[in-house]
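Student: For reference, the structure I am asking about is given below.
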Amino acid sequence: MRRTAAAVILIISLLVSGLAIAGSLEDAKKAYDRGDYETAYRLYKSLAERGSPVAQSNLGLLYYNSLGVSQDYAEAMKWFRKAADQGDAVGQYYIGLMYYNGKTVPQNYAEATKWFRKAADQGDVDAQYSLGLMYAIGKGVPQDYVLAYMWLNLASTRDSAWEKEKRDKAKENRENLASKLTPAQIAEAQRLAREWKPKKER
């Protein structure tokens, strides 16, 4: 009986803690959306220090973009890594971007591609677009127009919330690639895109 009561108390405390984190994440996002980056920073920092991967990647973004805090790529990378280690796709994408641009780490296209793939596999549209470009130009991976077309196709069609300008750019790059592919290769790329399913990291 005591064990059951203790288990119930533990479950309730975990649920309350989870709801508190969700509420604070929502408050942080609202602050960010209205341009109150100091408040967003304070809320995200508190949650990030308690282990929330969403807060960690958002805190990294604040440092990366100098919003509410001085730009600090090393600090951004620290928080992106913490989030990425928990399977957060946004953190993984930004680690890839930092390797691509050589921010606080030596520029390394193979490493960038590795992180883009981790995020792209989970459905991150920015990562899918970036991975498509990497295959198109052969940076960090052997050049492969079929895979490039597949990833650009996913980026241009999967997420209606993705910025229209980015979607249009992905479509434009995909169409440019089409001239380098045979009809059979385009059909193969489209088949791969249709069959693709997001894979959550464990």
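FYI, it's all coordinate maths here, none of it is from the lab. These figures come from a predicted structure and were not determined experimentally. Virtual Cβ from ideal backbone geometry, glycine too; neighbours counted across all protein chains shown.
Student: Six or more apart or on different chains, Cβ under 6 Å: which pairs go from a residue in region 100-112 that's of a type outside the set (A, V, I, L, M, F, W, C) to one that's loosely packed, with under 12 Cβ neighbours inside 10 Å and assigned to a helix (DSSP H, G or I)? Could you list them?
Tutor: The qualifying pairs are Thr104/Ala74.
Student: Are any residues in region 33-78 in a helix (DSSP H, G or I), farther than 19 Å from Val105 by Cβ and of a type in the set (Ser, Thr, Tyr), and if so, which ones?
Tutor: Tyr37, Thr39, Tyr41, Tyr44, Ser46 - these are the residues of region 33-78 that are in a helix (DSSP H, G or I), farther than 19 Å from Val105 by Cβ and of a type in the set (Ser, Thr, Tyr).
Student: Pick from Tyr99, Tyr93: which is within 12 Å of the chain's Cα centre (by Cα) and within 24 Å of Tyr44 (Cβ to Cβ)?
Tutor: Within the list Tyr99, Tyr93, the selection yields Tyr93.
Student: When Ala40 is evaluated against the numbered criteria (1) farther than 16 Å from Arg81 by Cβ; (2) surrounded by fewer than 23 Cβ atoms within 10 Å (Cβ to Cβ), which criterion, by number, is the only one it fails?
Tutor: All conditions are met except number (2).
Student: If Lys180 satisfies every condition in (1) of a type in the set (D, E, K, R); (2) closer than 23 Å to Ala83 by Cβ; (3) not in a helix (DSSP H, G or I) but one, which is the exception?
Tutor: Lys180 satisfies all of (1) of a type in the set (D, E, K, R); (2) closer than 23 Å to Ala83 by Cβ; (3) not in a helix (DSSP H, G or I) except (2).
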